[in-house]
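Structure first, then comments.
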Amino acid sequence: VLQLGFDATRPFRAETRVAQPFLGKQPDGDQAGGIFIGLNQDNYIKFGLSASAATTAGITTGIELALESNGVLQTNPTSGNVPLTMPGPNNVDLRLEGDPAALTVSAYYRVDSDDPQDWTLLGTLHAADYPTLVRYFINGLPIGLEATSHDAFGSVAFVFDYFSLEYIGMQSVININAGGPTLVLTDTLGNSSTWVSDTTFVITGDPNQTYSDHSLDGQIANTDLDDLYVTERYGGSITPLHYAIPVTTTGLYVVDLHFAEIFYGISGPSDGRRSFDVRLEDTTVLQNYDIANRARGSARAKVERFSVEVTDGVLDIYFDATQPSSLDNAKLSAIGLYRPPTRTTDVPAPIFLPYINR
């Protein structure tokens, strides 16, 4: 097992390539290998190739993201694990990206390719869904590579072409406060950010209104930026609420949509009382979205992150509550727009280690 500690209070990316998974053979079963990060044997994230124990149905193999929290293991927490037929690909690339600001860890994979465009998001773990994830964003978090074999299946061999660990950052394009004034906010890490009023970006929407409940200031869970979530813009039940955000460069962008159900107060009940769709450009990214259900209650912040290609100089976002399945109005608290992560200039060089575990 390769293991080292690093500063997870900074955005990070860990990456490896598994060459000839399971040495190009059908594995015996109950074997796995890949990247891990974690606090101890009861709290960790593993992302890699896995072969289940043999059953009457045979052995299943695939790319697996697993999370153990306080001794409880979930082998498919994001419902995105990908099956693989073995013998199969020559190379499988694995990547974990951590965002301490959003309290998320995202898993990406790529099969038999060196093209940066071929990285595919398998799933994202959110601290809002798994509270123990908050404890991962510390200085000195263990990370590394491992290969495991359980029960009677004997030894296992994995070949890792390389392992890299680097700090990354996203270039902020604009932060927009929906339905509220321009704010300058500072988080608990001392990072300051400006969130401009949304009035110049809202194009259409019927209804198109704002709402605020400042009595909830200091009571919004899952965030230390309460001021951002006590105001909102709502509407879209007759015609979709439409934001048009100009960008100076065509290409790939990352969009954070910030939500909190504040209309029904803290006590609720709020599940099942609001449902709407969200489109980025021409793609529906959220369907029948229920904020309180996704955030697990009212007055709880929830950030949904997406990648989108902008080709015409304007990012169009639609909040649509006109569908037959819609309930009440669509709404949002804020929008964050970023260029994708790039390597910063003040970080150590990536660590490249050829590694074989037998």
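Tabulated data
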{"read-out": "D93 being among the charged types (D, E, K, R), in a loop (DSSP other than H, G, I, E, B) and more than 28 Å from T188 (Cβ to Cβ)", "value": "no"}
{"read-out": "Selection count where residues are over 26 Å from D224 (Cβ atoms), acidic (D, E) and at pLDDT 90 or above, scope segment 119-159", "value": "0"}
{"read-out": "Test result for G190, loosely packed, with under 14 Cβ neighbours inside 10 Å and within 25 Å of A301 (Cα to Cα)", "value": "yes"}
{"read-out": "Filter pass, S164 being under 30 Å from A51 (Cα atoms), among the hydroxyl-bearing types (S, T, Y) and buried (at least 16 other Cβ atoms within 10 Å of the Cβ)", "value": "no"}
{"read-out": "All positions within segment 305-322 that are without any contact (Cβ under 8 Å) to a residue 60 or more places away in the chain, surrounded by 15 or more Cβ atoms within 10 Å (Cβ to Cβ) and out of contact with any Phe, Trp or Tyr (no Cβ under 7 Å at 6 or more places or on another chain)", "value": "F306"}
{"read-out": "Qualifying strands (runs of 3 or more DSSP E) (wholly inside segment 184-303; at least 1 residues being touching a Gly at 6+ places or on another chain (Cβ under 7 Å) and in contact (Cβ under 8 Å) with a residue 40 or more places away in the chain)", "value": "202-212, 231-246, 251-259, 276-280"}
{"read-out": "Residues within segment 70-81 that are surrounded by 13 or more Cβ atoms within 10 Å (Cβ to Cβ) and either farther than 15 Å from T124 by Cβ or free of Cβ contacts under 8 Å to residues at least 24 places away in the same chain (or both), tallied", "value": "3"}
{"read-out": "Residue ranges of strands (runs of 3 or more DSSP E) in segment 1-67 with at least 2 members more than 23 Å from the chain's Cα centre (by Cα) and at pLDDT below 90", "value": "2-7, 31-40"}
{"read-out": "Residues of segment 87-117 that turn out to be over 30 Å from D28 (Cα atoms) and over 9 Å from the mean Cα position of the chain (by Cα), as a count", "value": "5"}
{"read-out": "Members of segment 116-158 found to be more than 24 Å from N76 (Cα to Cα) and not in a loop (DSSP other than H, G, I, E, B), listed by number", "value": "P116, Q117, N139, G140"}
{"read-out": "Some residue of segment 174-181 being on the phi > 0 side of the Ramachandran plot, at pLDDT 90 or above and either surrounded by 14 or more Cβ atoms within 10 Å (Cβ to Cβ) or of a type in the set (A, V, I, L, M) (or both)", "value": "yes"}
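The values are calculated or read from the model by the stated rules, or taken from the named source; none is laboratory data. All values reported here derive from a predicted model rather than from experimental measurement. Counting neighbours? That spans all protein chains shown, and the Cβs are built from the backbone with ideal geometry, glycine included.
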